[in-house]
Amino acid sequence: MGIFTRFTDIVNSNLNALLDKAEDPEKMVRLIIQEMEDTLVEVRSTSARLIAEKKDTERQLARFEKEVAEWDAKAELALSKDREDLARLALVEKQKATADAESLQADITRIDEHLNRLGEEVGQLQEKLADAKARQKTIIMRQRAVSSRLEVKKRIDSGKIDDAMLRFERFESKIDDLESQVEAYDLGKKTLRDEFAQLETDDKITDELEALKARVKKDKTDKKA
């Protein structure tokens, strides 16, 4: 299983748990980044272990390769001394050492392949992590902004604003009633200023009436003449 497959399983599992609990996206973003960082630490630890294992295997390989050379030299020495029986035994040991060396070489090849895959996946994960960190601030800001807008929408749509406006209108209506009562209370009452204004108006009407009488009398006189 590659680290991305394992990482995806871990993140999906945690995200599902957070969604079930209705956790906020800010926590989920932090979780994803934390999972990436933890995975990188684990993979680097695995890589370090594999490198140490490779070095140990290479030391064992060098020892068996040395044994192969030694048994080959011994077989040659035995034949030079006309000891074919010893040469045969030496070649048997050489064959064993060769088999062990080939097995160790296969192990080294597998370790190298594993390390190469880890290196590629770590590179990809580091790029994803850098991208996630770069986008984290934007995501959190967007989440907070939309949460605020949603809260405002809820308050507006909850009917509280309508209730407040209704109370406001009722208050205005009460003030209108009070003003009407004040006006009704003063209705029919005259102030000192009103009295003098009335006198001035009466004088004007009297003067205008006298002038009218004089004009009518003059018209009658003119007609008789």
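Please verify whether E183 is loosely packed, with under 10 Cβ neighbours inside 10 Å, modelled with pLDDT under 80 and part of a helix (DSSP H, G or I), treating the condition exactly as stated. Walk me through it before giving the result.
On the way: loosely packed, with under 10 Cβ neighbours inside 10 Å: yes; modelled with pLDDT under 80: yes; part of a helix (DSSP H, G or I): yes.
Criteria met by E183.
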- Quick one: would you say Q126 is in the same structural domain as L40 (by the TED database), exposed (fewer than 13 other Cβ atoms within 10 Å of the Cβ), in a helix (DSSP H, G or I) and in contact (Cβ under 8 Å) with a residue 60 or more places away in the chain? yes
- Note on the structure: Restricting attention to region 57-83, the residues that are free of Cβ contacts under 8 Å to residues at least 40 places away in the same chain, part of a helix (DSSP H, G or I) and either open to solvent by less than 70 Å² (accessible area, probe 1.4 Å) or over 30 Å from G119 (Cα atoms) (or both) number exactly 16
- For R135, state whether it is part of a helix (DSSP H, G or I), over 20 Å from E65 (Cβ atoms), assigned by the TED database to the domain that holds M28 and open to solvent by 80 Å² or more (accessible area, probe 1.4 Å). yes
- Pick from region 84-98 the residues that are open to solvent by less than 80 Å² (accessible area, probe 1.4 Å) and touching a Phe, Trp or Tyr at 6+ places or on another chain (Cβ under 9 Å): which of them is farthest from A69 (Cα to Cα)? V92
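Suppose we filter K224, K190 for residues that are open to solvent by 100 Å² or more (accessible area, probe 1.4 Å), modelled with pLDDT under 75, in contact with a helix residue (DSSP H, G or I) (Cβ under 8 Å, 6 or more places away or on another chain) and more than 30 Å from E26 (Cα to Cα); which single one remains?
Values: K224 fails: in contact with a helix residue (DSSP H, G or I) (Cβ under 8 Å, 6 or more places away or on another chain).
Matching residue, one of K224, K190: K190.
On the basis of being surrounded by 15 or more Cβ atoms within 10 Å (Cβ to Cβ), in contact (Cβ under 8 Å) with a residue 24 or more places away in the chain and of a type in the set (D, E, K, R), does D107 make the cut? Working first, answer last.
Values: surrounded by 15 or more Cβ atoms within 10 Å (Cβ to Cβ): yes; in contact (Cβ under 8 Å) with a residue 24 or more places away in the chain: yes; of a type in the set (D, E, K, R): yes.
Against the criterion (surrounded by 15 or more Cβ atoms within 10 Å (Cβ to Cβ), in contact (Cβ under 8 Å) with a residue 24 or more places away in the chain and of a type in the set (D, E, K, R)), D107 qualifies.
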- Take the residues of region 138-170 that are outside the structural domain of T39 (by the TED database) and modelled with pLDDT of 75 or more: which is farthest from L31 (Cα to Cα)? R170
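The values are calculated or read from the model by the stated rules, or taken from the named source; none is laboratory data. All values derive from a computational prediction rather than experimental measurement. Cβ atoms come from the backbone with ideal geometry, glycine included; neighbour counts cover every protein chain shown. Quick note on the areas: whole protein, heavy atoms, side chains included, nothing else; ligands and nucleic acids left out. Shrake-Rupley method; radii C 1.70, N 1.55, O 1.52, S 1.80 Å.
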